[in-house]
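Take a look at the structure below.
Where a number appears in this text, it was derived from the coordinates with a stated rule and is not lab data. This structure is a prediction, so every number in the text was calculated from the model and none was measured. Ideal geometry is used to build each Cβ from the backbone, glycine not excepted, and the neighbour counts take in all protein chains shown.
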Amino acid sequence: MKELLRSGKRALSSTIVQMNEVYYGFAKSEVECNICHYKTKRFASNNWHLYTTCFKCKSDVRHRLIWAIFEHLDSFSLKKIIDGKSVLHFAPEKIISNLISKRAAVYKKADFLAEGYYFDEIDYNIDISDMPIIADNSFDCVIACDVLEHVPNHIGGLKEIYRVLKKGGYCVITVPLRDNLEITYEDKSITEPADRKKAYGQDDHLRIYGDDFSRMMADCGFDVTVVDKNFFSKEVVERNVLFPPVLSKNENATNYRKVFIGRK
């Protein structure tokens with residue numbers, strides 16, 4: 001019965017998306033996903049923010065911000081860091097994975113999954129903080145979107161990303177950030193899922209990051225550029241929803257999303 005209800009909801013959602021696509025093909029739309037180009041009056045809401053999730057491809061602010069970087073910033077364009085390059089993508093989101101895979105010369109997907117999970121859709125089942133099967137200087141680009149907060153040895157993860165990147169290569173990283181938090185908060189004594197959710201915002205997170213994350217990357221050898229909505233015009237930010245229209249009151253919400261780009 002539950003599966004039947006879920007199937008019905010998916011069908012209804014798909015129908016609404018299709019109807020909106022027809023309608024906003026003629027009518028003026030307020031927002032547009034820069035990844036799938038779905039147009040509508042406003043996006044859907046999620047557990048963290050109102051009106052930030054694309055109805056069609058399910059992209060959120062972080063995904064569209066990354067894609068805006070690729071499309072609008074010459075220093076980190078698709079042509080410069082993706083086209084014809086070798087790319088390693090951790091926990092790849094389908095919404096951007098399919099697009100990147102078509103442009104990269106070599107595209108490898110990685111994740112660290114427990115026994116019993118389905119592995120066929122990834123190339124490497126590895127811990128980002130310990131990747132001995134990947135040689136030094138193997139990739140031009142490494143992408144890890146909201147991955148490191150799940151990793152016990154996250155500094156080891158940054159060091160491993162640096163190791164497997166070629167000289168001059170780039171990493172594209174996002175992490176959840178608490179507003180106005182200067183120093184990343186992590187308490188290893190917090191082990192219960194409910195306590196982690198209260199402390200960090202999600203029960204499988206091991207920390208909540210602060211403004212010191214860029215320094216962590218720099219300490220591992222990266223030349224770091226921190227990109228946020230201020231790199232783009234007001235029109236692009238509002239049209240593609242690169243910033244939440246309504247700020248969340250949850251203290252662990254990432255209201256001010258940033259993308260950390262490191263160059264080796």
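Listed values, structure above:
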{"read-out": "Additional length obtainable on full extension of the chain from LEU50 to LYS79, 0.36 nm per residue less Cα span", "value": "7.1 nm"}
{"read-out": "Cysteines in the chain lacking a second Cys C-beta under 4.7 Å", "value": "CYS141, CYS145, CYS171, CYS220"}
{"read-out": "Residues in region 77-105 reached by a label modelled at ASP123 [backbone nitrogen below 17 Å; 7 Å Cα→Cβ]", "value": "81-94, 96-105"}
{"read-out": "Value of Rg to Rh for region 128-187 (Rh from inverse mean 1/r over Cα pairs, i.e. Kirkwood)", "value": "1.02"}
{"read-out": "Long-range HN-HN contacts of TYR107 with modeled amide H, under 5 Å", "value": "VAL87"}
{"read-out": "Using a Förster distance of 30 Å, the FRET efficiency for ILE133-GLU192 (Cβ separation, nearest 0.05)", "value": "0.35"}
{"read-out": "Whether region 41-143 is rounded, prolate or oblate, judged on the alpha carbon gyration tensor where a/c under 1.5 counts as rounded", "value": "oblate"}
{"read-out": "Acute angle (nearest 10 degrees) that the helix 61-72 long axis makes with the longest principal axis of the chain, alpha-carbon atoms", "value": "80"}
{"read-out": "FRET efficiency, LYS249 to GLU30 (Cβ-Cβ, R0 30 Å, nearest 0.05)", "value": "0.80"}
{"read-out": "Angle in degrees between helix 154-164 and the longest Cα principal axis of the chain, rounded to the nearest 10", "value": "80"}
{"read-out": "Whole-Hz ³J(HN,Hα) from phi, Karplus 6.51 cos²θ - 1.76 cosθ + 1.60, for region 77-91, glycine and proline x", "value": "6, 4, 4, 7, 10, 10, 4, x, 9, 9, 10, 10, 10, 8, 6"}
{"read-out": "Computed helical MRE - 222 nm, the chain, DSSP H runs ≥ 4 contributing -39500 (n - 2.57), nearest 500", "value": "-8500 deg cm²/dmol"}
{"read-out": "Förster-model FRET efficiency, 22 Å R0, GLU235 and HIS37, C-beta, rounded to 0.05", "value": "0.85"}
{"read-out": "Residue exposure sequence - LEU65, LEU206, LEU113 - by fewest surrounding Cβ within 10 Å", "value": "LEU113, LEU206, LEU65"}
{"read-out": "³J(HN,Hα) computed for each position of region 205-218 - Karplus, 6.51 cos²θ - 1.76 cosθ + 1.60, integer Hz, glycine/proline x", "value": "8, 10, 5, 10, 7, x, 5, 7, 5, 5, 5, 4, 5, 4"}
{"read-out": "Links that overshoot a 32 Å alpha carbon limit, given the list LYS39/LYS198; LYS94/LYS234; LYS94/LYS166; LYS166/LYS197", "value": "LYS39/LYS198; LYS166/LYS197"}
{"read-out": "Spin-label model distance (nm) - ASP223 vs ASN98, 7 Å beyond Cα toward Cβ", "value": "3.6"}
{"read-out": "Loop GluC sites (Glu not before Pro), region 181-254 (other Cβ atoms within 10 Å of the site Cβ: 12 or fewer; DSSP)", "value": "GLU182, GLU251"}
{"read-out": "Centroid-to-centroid separation of region 235-264 and region 135-176 [C-alpha atoms, Å]", "value": "21"}
{"read-out": "Semi-axis lengths (Å, descending) of the ellipsoid that matches the C-alpha gyration tensor of the chain", "value": "29, 23, 21"}
{"read-out": "Chymotrypsin sites (Phe, Trp or Tyr not before Pro) within region 75-172, DSSP loop, no more than 13 other Cβ atoms inside 10 Å", "value": "TYR117, TYR118, PHE119"}
{"read-out": "Nearest 10 degrees, 0 to 90: helix 2-23 Cα axis against the chain principal axis", "value": "70"}
{"read-out": "GluC sites (Glu not before Pro) lying in DSSP loop within region 57-130, provided at most 13 other Cβ fall within 10 Å", "value": "GLU115, GLU121"}
{"read-out": "Size of charge dipole - region 2-263 - debye, nearest 20, with Cβ of Lys, Arg +1 and Asp, Glu -1, no other charges", "value": "1040"}
